[in-house]
1. Multiply the residue gap between Arg147 and Arg123 by 0.36 nm, knock off their C-alpha separation, and tell me the result in nm, one decimal place.
2. Residues with beta-carbon under 13 Å from that of Asp451, excluding Asp451: net charge, scoring Lys, Arg +1 and Asp, Glu -1?
3. Kindly provide the helix-only [θ] at 222 nm of the chain, computed as the sum of -39,500 (n - 2.57) over DSSP H runs of four or more divided by all residues, to the nearest 500 deg cm²/dmol?
4. What number comes out for accessible area per residue over the chain if the probe is 1.4 Å? Units Å², please.
5. Against the longest alpha carbon principal axis of the chain, how many degrees, from 0 to 90 and to the nearest 10, is the axis of helix 386-401 turned?
6. Treating only the Cβ atoms of Lys and Arg (+1) and Asp and Glu (-1) as charged, compute the dipole magnitude of the chain about its Cα centre; round to the nearest 20 debye.
7. By average Cβ neighbour count within 10 Å, what is the ranking of 391-399, 169-177 from highest down?
8. Which one of Gly208, Leu121, Gly177 is farthest out on the positive end of the charge dipole of the stretch 106-212, using unit charges on Cβ (Lys, Arg +1; Asp, Glu -1) and the Cα centre as origin?
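The values are calculated or read from the model by the stated rules, or taken from the named source; none is laboratory data. Just so we're clear, the structure is a prediction, and the values are computed from it rather than from any experiment. So basically every Cβ, Gly included, is an ideal-geometry build from the backbone, and we count neighbours across all protein chains shown. We work out accessible area using only protein heavy atoms, side chains counted, and drop any ligands, DNA or RNA first. Shrake-Rupley method; radii C 1.70, N 1.55, O 1.52, S 1.80 Å.
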Amino acid sequence: MATDPLRIAIVGGGIAGLAAAWEWVPLLQRGRVRVTVLESRDRFGGLIRTDRRSGLVIEGGPDSFLARKPEARELCRAVGLGEHLIGTRPDIRGAYIYHHGRLHPIPAGMQAGIPSDLGPLVRSGLLSPWGKFRASWDLWLPRVLPRDGRDVSVGWFLRRRFGEEVVVRLAEPMLSGIYAADIDQLSLAATFPRLAEIEHRSRSLILGLSRSGPPAPARDPASPPPSLFQTLDTGLDTLIDTLVARLTAAGAELLRGHPVESISREGRGYRLGLAGGSGRSFEGVILATPAYVTARLLGALDPRLGALHDRIPYSSLAVVGLGYAPEAIPRPLDKTGYLIPRDSGFSTTAVTWLSAKWRHRHQSELVPLRAFLGRTGGPDVAELDDQGLLGLALHDLAATMGLTAAPAYHVLFRWRRALPQYLVGHVERVREIRERLQAWPGLAVAGAAYDGPGVPDCIASARTAVAAVAGALGMQTAGTPGPAAGSPRGL
Ligand SMILES: Cc1cc2nc3c(=O)[nH]c(=O)nc-3n(C[C@H](O)[C@H](O)[C@H](O)COP(=O)(O)OP(=O)(O)OC[C@H]3O[C@@H](n4cnc5c(N)ncnc54)[C@H](O)[C@@H]3O)c2cc1C
């Protein structure tokens with residue numbers, strides 16, 4: 001017997017929201033659901049934004065995704081962008097760290113800021129003799145993590161194992177690019193649970209990491225190692241544009257300029273309150289909004305759910321994209337760029353030499369660079385005016401890489417409250433959020449605030465959310481674990 005399609009709303013049209021909409025397409029095409037994406041702004045994509053005005057491809061937000069997590073690559077292929085996937089340049093590997101007026105290569109064997117080999121660390125100019133000696137204590141120190149399994153900060157843990165210098169000069173600059181939080185508040189359980197396992201198993205992280213590093217797949221020794229990152233040669237917003245086009249063609253309703261202001265229970269479904277006092281009803285709702293928006297929306301249904309989301313703070317940052325005449329570049333761009341530790345006093349945290357990272361992306365002779373500015377606890381760079389922001393980036397480039405020429409092109413991106421901070425206790429908070437959501441069948445959350453801030457993590461969270469909503473409504477998607485019971489419509 002034919003039944004009316006169930007109405008599904010996805011609030012937020014960033015990558016998590018659009019990936020969630022994509023998951024519904026098979027059921028949409030079979031007439032089982034109607035899908036509506038409600039995005040508050042006048043464009044989809046959220047933090048994914050690409051500037052091509054100068055002929056350079058400059059990303060304002062993410063410029064790539066981790067290749068070892070398959071979700072983003074799979075989505076690119078599924079929407080027909082497989083042939084545009086590229087890896088980083090095979091001839092250029094690694095990056096520098098700025099310290100005391102010089103760029104030092106990141107020592108070999110570092111895994112996200114954590115040494116797995118003492119040799120390269122000892123030879124590096126990044127640490128003092130005392131700092132190197134202190135780092136070696138890891139080899140004989142007993143286990144330091146609390147026996148009761150309590151979460152601690154990454155800074156707390158690494159400082160005890162390796163000492164202050166490894167934390168300040170290596171771990172903090174490498175990790176703050178991925179996780180926006182202060183390393184002394186960043187949850188070990190949420191970001192590097194593997195390190196706790198390694199300490200538990202091997203006691204020493206250096207010994208444990210050197211034994212348990214990722215197994216190298218068999219490959220031709222003459223061929224370059226596989227790329228750690230992938231992107232689209234056309235720019236990551238191509239994924240957004242393609243998703244929007246394919247979803248529209250599949251019959252999804254994609255609404256821009258539609259902020260959702262409230263959510264309330266209505267029978268077995270939910271009513272979303274929209275601007276101007278109007279509203280729409282849905283059987284299933286996925287909130288793919290930043291945690292501080294989700295907090296406001298869910299707080300009215302369940303104050304505890306609101307409070308848990310409110311305890312996920314966000315960092316602001318700015319990205320300055322620059323194009324230089326080749327003769328203006330004062331040094332060889334022989335690595336992918338460099339990181340700048342907090343103790344240097346600069347607002348810039350990292351500079352990417354884009355032409356060294358990616359090949360064949362640009363229709364311009366200009367040399368593209370990208371500077372990231374803003375630190376947790378530091379000045380709010382996203383509030384600077386254009387002149388102030390550009391001036392700060394140029395000042396830091398002159399001081400750290402001797403680049404004093406004026407850029408031929410620049411573009412500024414300000415990201416206010418953009419990156420969720422995974423503070424100590426994050427895993428526990430997310431577990432409680434998911435547990436409490438069980439009381440609201442057909443309602444789920446997705447996005448960067450929960451299980452990882454990377455693009456693949458956001459896509460994975462979207463799949464999980466769709467599977468949960470579909471399961472609650474008695475349907476199956478590719479990600480649904482098994483046949484669902486208690487279907488409200490017997491589907
Ligand atoms: C500068 C920068 C660099 C990054 N680099 C990388 C990288 O290299 N690799 C990587 O994997 N990740 C990177 N990230 C992280 C990654 O880009 C983000 O975590 C991810 O894009 C977040 O996607 P999302 O859909 O969860 O959230 P968002 O992209 O924030 O989307 C949420 C959407 O919800 C909308 N919204 C908000 N309120 C409402 C409302 N009331 N009603 C309707 N809609 C609403 C917003 O307008 C927005 O479009 C980077 C992030 C930044 C900022």
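1. Details: separation 24, 0.36 × 24 = 8.64 nm, distance 3.47 nm.
Contour length minus the Cα-Cα distance gives 5.2 nm.
2. Details: positive: Lys69, Arg429, Arg431, Arg434, Arg463; negative: Glu71, Asp457.
Net local charge, Asp451 excluded: +3.
3. Estimated from H runs of four or more residues: -9000 deg cm²/dmol.
4. Details: 21160 Å² over 491 residues.
Normalised by residue count, the accessible surface of the chain is 43 Å².
5. Around 40 degrees separate the two axes.
6. Values: 57 positive and 46 negative charges, 185 e Å.
Computed charge dipole of the chain: roughly 880 debye.
7. Packing order, densest peptide first, comes out as 169-177, 391-399.
8. Sorting the options by dipole projection puts first Gly208.
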